[in-house]
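One structure is given below, encoded as structure tokens.
The values are calculated or read from the model by the stated rules, or taken from the named source; none is laboratory data. Just so it is clear, the model here is predicted, and its values are computed rather than measured. Here the Cβ is made from the backbone with ideal geometry for all residues, glycine too, and neighbour counts use every protein chain on show. Heavy atoms of the whole protein, side chains included, go into the accessibility calculation; ligands, DNA and RNA do not. Shrake-Rupley method; radii C 1.70, N 1.55, O 1.52, S 1.80 Å.
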Amino acid sequence: MATAAPSFKTEFIDDKGWRVVTASGLGVGLGLSPMPFYTIGIFAVHLEREFGWTTDQIMASTFFMMLANLCAGWITGLAADKYGVRNIALVGQVGLTIGMCLLGLVTGNLYVQYAAWFFMALLGLGTLPMTWTRGIATWFDKGRGFAFGLALMGTGICGAVYPPLTNWLIENFGWRQAYFGLGLLIPVFAMPLVLLWFREKPAETALEGQETRPANLPGLETKEILKGYRFWIMLLAFALISFGVGGLLPNFVRLLISKQMAPDQAAYIASFIGLSVLFGRALAGYLLDRIWAPIVSVIFLSVPAIGCFILLGETTSGTTAIIAAVCLGLSAGAEFDL
């Protein structure tokens, strides 16, 4: 017997999960995952000019961001299990605000730049998608993939805004003040909504004055997961995806500039990545509820190869660059859903 598709009303209104999805969308959009990645290529031009660093040296900053994730990401997951994802998200938002301001205080010492990126990531780990998707997962059974997709669309929306906004802030206030401005977006827009709406679904309705506990999700125990082969295959696969997709995102603007494109035009075209991430998030989430996940993965993760072939030449037109941006964004949009 065919199972009925989850209704929008049941999943998003009656259950009030739409509030968690909305808060998560803004939280992940103004989080560690998109904010530094979508803007470093724009800041790189000005850091080169002021400090004389090379593009390779500046882009190496993202390695230290990933190093912080490697060192402490698992601790953040354990803390979320113990203290709740809402608390971890709020702490991470305060930390990321401080971390973004730290990037605006760097000196001409390249090691200070790397240290700032490491501590920025360390302080903001609680804003990564794993925090928000954990909260959403407690509210949804049917339609969970679509709920993930809607929330993670926040990355695409903010990703489309970051390049032109960052370019405008730098041109009008300077690159240091631009970092401060980006950091302040978090407490002004994201934190109030997280305080009001983001929380895990209680396992049972609590009486007044009684403590509630988060609902437990079905699944395997940690020891069972580590003994099986599926976890390790997924770990290897997504590590490779991070190189192939994540490696292109922060370098896209600099790549276009190296092909004789003006910085403001490159920033404008980069906004198409965010827009296509937006579409990729929703489409991948919708398909994952209906089609075997590996098939969805193969389709979406093959698309950025087209964009890479488009960008092989020494120069590129605005139209072909936009096509490449869309290809990259569709894959980046599906990555977290998968």
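Phe140: closer than 30 Å to Ala293 by Cα, aromatic (Phe, Trp, Tyr) and surrounded by 24 or more Cβ atoms within 10 Å (Cβ to Cβ), yes or no?
Values: closer than 30 Å to Ala293 by Cα: yes; aromatic (Phe, Trp, Tyr): yes; surrounded by 24 or more Cβ atoms within 10 Å (Cβ to Cβ): no.
Answer is no for this residue.
What helices (runs of 4 or more DSSP H) lie completely within the stretch 221-299 and have 1 or more residues being open to solvent by less than 90 Å² (accessible area, probe 1.4 Å) and in contact (Cβ under 8 Å) with a residue 12 or more places away in the chain? Reasoning before the result, please.
On the way: elements: 222-227, 229-241, 252-258, 263-288.
The qualifying helices (runs of 4 or more DSSP H) are 229-241, 252-258, 263-288.
I'd like to know if the stretch 75-83 contains one or more residues that are in a helix (DSSP H, G or I) and either touching an Asp or Glu at 6+ places or on another chain (Cβ under 8 Å) or closer than 23 Å to Leu249 by Cα (or both). Lay out the reasoning, then the answer.
Filtering the stretch 75-83 down to residues in a helix (DSSP H, G or I) leaves 75-83.
Among the residues that remain, those that are also either touching an Asp or Glu at 6+ places or on another chain (Cβ under 8 Å) or closer than 23 Å to Leu249 by Cα (or both) are: none.
No: zero hits.
Keeping to the stretch 68-101, report how many residues are aliphatic (A, V, I, L, M), touching a residue at least 60 places away in the same chain (Cβ under 8 Å) and closer than 19 Å to Trp117 by Cβ.
Within the stretch 68-101, the first condition is being aliphatic (A, V, I, L, M), and the residues that meet it are 68, 70, 72, 75, 78-80, 85, 88-91, 94, 96, 98, 100.
After this cut, where a residue has to be touching a residue at least 60 places away in the same chain (Cβ under 8 Å) as well, the list is 85, 89-90, 94, 96, 98, 100.
Keeping just the survivors that are closer than 19 Å to Trp117 by Cβ gives 94, 96, 98, 100.
Number of matching residues: 4.
Which residue out of Ala68, Ala44 is modelled with pLDDT under 95, assigned to a helix (DSSP H, G or I), in contact with a Leu (Cβ under 7 Å, 6 or more places away or on another chain) and under 30 Å from Phe243 (Cβ atoms)?
Details: Ala44 fails: in contact with a Leu (Cβ under 7 Å, 6 or more places away or on another chain).
After applying the criteria, what remains is Ala68.
Consider the stretch 136-188. How many of its residues are basic (Lys, Arg) and not in a helix (DSSP H, G or I)? Show your work before the answer.
Kept after step one, since they are basic (Lys, Arg), are these residues of the stretch 136-188: 142, 144, 176.
Among the residues that remain, those that are also not in a helix (DSSP H, G or I) are: 142.
Looking only at that region, the number is 1.
Between a first residue in the stretch 317-332 that is more than 17 Å from Pro263 (Cβ to Cβ) and a second residue that is open to solvent by less than 20 Å² (accessible area, probe 1.4 Å) and of a type in the set (Gly, Ala, Ser), which pairs have beta carbons less than 6 Å apart while being 6 or more apart in sequence or on different chains?
Close Cβ pairs (under 6 Å, with a partner that is open to solvent by less than 20 Å² (accessible area, probe 1.4 Å) and of a type in the set (Gly, Ala, Ser)) amount to Ala324/Gly307; Val326/Ser276; Cys327/Gly307; Leu328/Gly307; Gly329/Ser276; Leu330/Ser276; Leu330/Gly280.
I need a count of the residues in the stretch 33-51 that are surrounded by fewer than 22 Cβ atoms within 10 Å (Cβ to Cβ), of a type outside the set (A, V, I, L, M, F, W, C) and touching a residue at least 40 places away in the same chain (Cβ under 8 Å).
2
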